[in-house]
Amino acid sequence: MGNQSGHPLDDIDRRIIAILQADGRRPYSQIAEDLDIPASSVRYRVQRLEENGTLQIVGIANPLTIGFDRFAMIGLKVRPGTAREVCRELREYPETSYVILTAGQYDVMAEVICRDTDHFTDLVNQRMHLIEGVLSTESFFVLEVHKLAYGWGVGEVQTRLLDAPAPGTPSRRGDPRP
């Protein structure tokens, strides 16, 4: 994802993105009021940002709370020169939510979400290991999610995050401590 149109982001674009990162359902009319611009300008700018791949508005759910039992990061070592092709293949899998080319111990990292152990086993052993160029994988199961946040890099607007306390831990919602 990136600004692929060649159209540079201006301050208003950044502020719209920051507001939508904090509340993706905020009405354009309220954003327009906050920024002192017409609602039609907000609508146009959001549409342009979506069309050029800079912005995607989605609902984020904690997969462990909605019936997906296997949430993992998988590190892949690949044959030299094949990492980008492995990434292209992995991004087509419905189980992948995040696929990145990396530097370090692994050439590629993929976040995957599966229904159960059988689904995960099939994904890794019957599909990932058969991708041309994959040499090995290492899986890191997510046991608890403590933060999912997507409000970075565009403004001073405070963003919301999904804060899942450990089982048996009382919620600190409303607690003023950081």
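The values are calculated or read from the model by the stated rules, or taken from the named source; none is laboratory data. These numbers come from a predicted model, not from an experiment. Please note: Cβ atoms are built from the backbone with ideal geometry, for glycine as well, and neighbour counts cover all protein chains shown.
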- Task: Working carefully through the options Pro38, Pro27, find the one that is out of contact with any Ser or Thr (no Cβ under 9 Å at 6 or more places or on another chain), closer than 28 Å to Ser97 by Cβ and without any contact (Cβ under 8 Å) to a residue 60 or more places away in the chain.
- Result: Pro27
- Message: On the basis of being surrounded by 16 or more Cβ atoms within 10 Å (Cβ to Cβ) and under 25 Å from His7 (Cα atoms), does Val134 make the cut?
- Response: no
- Is it the case that some residue within segment 57-67 is among the small types (Gly, Ala, Ser), closer than 30 Å to Val134 by Cα and modelled with pLDDT of 95 or more? no
- Please name all residue pairs, on different chains or six or more residues apart, with Cβ atoms under 8 Å, provided the first residue is in segment 106-129 and is of a type in the set (S, T, N, Q) and the second residue is at pLDDT below 95. Thr117/Asp69; Thr117/Arg70
- Among the residues of segment 16-29, write down those that are more than 12 Å from Val46 (Cβ to Cβ), out of contact with any Phe, Trp or Tyr (no Cβ under 8 Å at 6 or more places or on another chain) and not acidic (Asp, Glu). Ala18, Ala22, Arg25, Ser29
- Message: Any residue that is more than 25 Å from Ile17 (Cα to Cα) and of a type in the set (A, V, I, L, M, F, W, C) - is there at least one of those in segment 42-63?
- Response: no
- Message: Out of everything in segment 96-120 that is assigned to a helix (DSSP H, G or I) and in contact with a strand residue (DSSP E or B) (Cβ under 9 Å, 6 or more places away or on another chain), what residue ends up being surrounded by the most Cβ atoms within 10 Å (Cβ to Cβ)?
- Response: Phe120
- Candidate set: segment 83-95, residues that are among the charged types (D, E, K, R) and out of contact with any strand residue (DSSP E or B) (no Cβ under 7 Å at 6 or more places or on another chain); chosen: the one nearest to Val145 (Cα to Cα): Glu92
- Query: Can we say Met109 is in contact with a Phe, Trp or Tyr (Cβ under 7 Å, 6 or more places away or on another chain) and farther than 30 Å from Asp10 by Cβ?
  - Reply: no
